Amino acid sequence: MKIQFQAILSLCCLPFLASSTSAEAPRGEAGVVPEARVPRVAERGEWRLPNRLLVSWRSDASATEKLAARALARAASTRDLTTPAMRTFGAGELEAFELPLLADLDAVAAELRRQPGVRAVDFDVLARPANVSNDPFVVGGQSWGVLGDTTTPMNAHGSQAMEAWGRGLTGGSNVYVGVIDTGVDVNHPDLVQNIWQNPHDPIDGVDNDGNGRIDDRNGWDFVNNDRTVYDGSPSNLWRDEHGTHVAGSLGARGGNGIGVAGVAWTTKIITGKVIDNGSGPISGVALALDYMIDLKTRHGLNIAAINLSLGYPVYTQVVRDALVRARLADIVVVVAAGNGGADNVGDNLDLVPYYPASHAANLGNMIAVANITSTGGIASDSNFGPRAVSIGAPGTNILSTLPQNRYGYLSGTSMAAPFVTGAVLVWRASRPADSAATTRGSILVRRIPTPSLSGKVSTGGRLDLSTF
Ligand SMILES: [Ca+2]
Ligand SMILES: [Ca+2]
Ligand SMILES: [Ca+2]
Ligand SMILES: [Ca+2]
């Protein structure tokens, strides 16, 4: 039931692909070259303040012992943090040591712990709200794409989004995303809170906000040229299935106790419906891109990313020109690398172009994404390209939202792209000043080197939110 390639525009997914691929890489990261790898959180110690130690003195510590310890630590200054409660309960004093910035905190702490007046030495650690997903398919482990290597449940090949959530990075409702795809079921209970509601164009038959689309409440349907971005129904579940699934992967509501969680728990999803009943003309893609760009540049919406989980085999100037405008508008455009063509075997896009993915190599705001499996292999039908394709992300057997309050699994590079798009949203929520190019570069450099992607994508690695 793969979507036919002869369509003018085809979706980059393979519904309900039974199991994984024949191109599995060895498990783990054995043999990975460690060059240029961004250190993981624990390695680079970003949780702790770089120059502070908290010294708990023994209650019987003498002034001489304290002086000696401060000198040993070469503390630039010290601060007394002793509280009345400590005194009430007979505890020793507490002191913060401010050390020179380049001090080796671990070494100094170890030395201090050996001093006679010292009871304990702590690092001053940054506390952030711990966001623990209560979304049943995350808790249950079915949503492997959001898991990390230190999470429970665990999957080392997931996007590690769950680790970012634990540090308070869950996106934000002031960060907008354009989903250019089929329609999206804007009433799905796990999406509805994250669906954009245009406040400036009430349903009154008038284009109140002057963007050329009358009553564009949640986006626009560029295929049928109407305002309904969801045209499915209980008797036509398939019609806007693809975009609904993509929207859930990047931005299903997290922490709401139902269903799945998108990489970004909160965002505002704007739908540009450009595919209906399996395909749509690429002119709609260009128009939808410009619609999003206009919402950003003239209407002030903070659109950080656009997801394009679609493709076609011919170069078109209109889409390329719109993508250049998206770059000028400082929007990251994430595109699916595509799924192999008629033979279901992934193609090298450096040799066989597929668009818009093949525009990515030449536009500094674009990221083309390959599909990896839950065991870290590149899916056998995933396109690749050491120049054209940037990174791999979970794309095989991905559980997400489906129309009419359903959930289901889909596979393909269509499913991989929204993980990266969600990562853009999470990044920009905590770093609102970063440009599209900076955001793109930051995500790509954080990839985890992955054997199956070596020589297949430009970064040689897979998406990793754990160091966001
Ligand atoms: Ca309008
Ligand atoms: Ca109106
Ligand atoms: Ca419609
Ligand atoms: Ca949810």
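The values are calculated or read from the model by the stated rules, or taken from the named source; none is laboratory data. All values reported here derive from a predicted model rather than from experimental measurement. All Cβ positions, even for glycine, are placed from backbone atoms using ideal geometry, and neighbour counts span all protein chains on display.
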Query raised in the report: Do any residues in the stretch 207-230 that are in contact (Cβ under 8 Å) with a residue 40 or more places away in the chain have Cβ atoms under 6 Å from those of residues that are part of a strand (DSSP E or B) and within 16 Å of ligand 4 (Cβ to nearest atom), where the two are at least six apart or on different chains, and which pairs are they?
Result: 218/195
Report task. Return the residue satisfying two criteria in turn: it lies in the stretch 211-266 and is of a type in the set (A, V, I, L, M, F, W, C) and within 16 Å of ligand 2 (Cβ to nearest atom), and of such residues it is nearest to residue 147 (Cα to Cα). Result -> 229
Query raised in the report: So how many residues does the stretch 168-213 have that are surrounded by fewer than 17 Cβ atoms within 10 Å (Cβ to Cβ) and away from ligand 4 (no atom under 16 Å from the Cβ)?
Result: 14
Query raised in the report: What number of residues within the stretch 340-357 satisfy the criterion of being in contact with a strand residue (DSSP E or B) (Cβ under 6 Å, 6 or more places away or on another chain) and not hydroxyl-bearing (Ser, Thr, Tyr)?
Result: 6
Query raised in the report: Do we find that residue 314 is over 19 Å from the mean Cα position of the chain (by Cα) and in a helix (DSSP H, G or I) in this structure?
Result: no
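For every residue, the table says whether it meets (1) in contact with an Asp or Glu (Cβ under 9 Å, 6 or more places away or on another chain); (2) within 25 Å of residue 181 (Cβ to Cβ); (3) at pLDDT below 95.
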| position | (1), (2), (3) |
| --- | --- |
| 391 | no, yes, no |
| 401 | yes, yes, no |
| 429 | no, yes, no |
| 440 | no, yes, no |
| 460 | no, no, no |
Query raised in the report: Among the residues of the stretch 159-168, which ones are part of a loop (DSSP other than H, G, I, E, B) and either modelled with pLDDT of 95 or more or on the phi > 0 side of the Ramachandran plot (or both)?
Result: 159, 160, 168
Requested in this report: Using the structure shown, decide if residue 198 is in contact with a His (Cβ under 7 Å, 6 or more places away or on another chain), part of a loop (DSSP other than H, G, I, E, B), over 25 Å from residue 447 (Cβ atoms) and within 16 Å of ligand 2 (Cβ to nearest atom).
Outcome: no
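Yes/no matrix, rows are residues, columns are (1) at pLDDT below 95; (2) in contact with a helix residue (DSSP H, G or I) (Cβ under 7 Å, 6 or more places away or on another chain); (3) outside the structural domain of residue 251 (by TED's automatic domain parsing); (4) more than 9 Å from ligand 1 (Cβ to nearest atom):
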residue	(1), (2), (3), (4)
175	no, yes, no, yes
179	no, yes, no, yes
184	no, yes, no, yes
189	no, no, no, yes
193	no, no, no, yes
196	no, no, no, yes
202	no, no, no, yes
210	yes, no, no, no
215	no, no, no, no
Query raised in the report: Is it the case that the stretch 139-158 has a residue that's touching a Lys or Arg at 6+ places or on another chain (Cβ under 8 Å), assigned to a loop (DSSP other than H, G, I, E, B) and either away from ligand 3 (no atom under 16 Å from the Cβ) or outside the structural domain of residue 71 (by TED's automatic domain parsing) (or both)?
Result: yes
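A quick yes/no check of all residues on (1) more than 16 Å from ligand 3 (Cβ to nearest atom); (2) more than 29 Å from residue 338 (Cα to Cα):
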position	(1), (2)
206	yes, yes
214	no, yes
217	no, yes
223	no, no
Query raised in the report: If only one of 284, 257 is modelled with pLDDT under 95 and surrounded by fewer than 21 Cβ atoms within 10 Å (Cβ to Cβ), which one is it?
Result: 257
Query raised in the report: Does residue 228 satisfy the condition of being within 16 Å of ligand 4 (Cβ to nearest atom) and either surrounded by fewer than 23 Cβ atoms within 10 Å (Cβ to Cβ) or in the same structural domain as residue 324 (by TED's automatic domain parsing) (or both)?
Result: no
Query raised in the report: Here is a list of conditions, (1) touching a Pro at 6+ places or on another chain (Cβ under 9 Å); (2) crowded, with 24+ Cβ neighbours inside 10 Å, and residue 357 meets all of them except one; can you say which number that is?
Result: (1)
Query - Whichever residue in the stretch 406-431 is over 15 Å from the mean Cα position of the chain (by Cα) and more than 23 Å from residue 311 (Cβ to Cβ) and, among such residues, is surrounded by the most Cβ atoms within 10 Å (Cβ to Cβ) - result: 407
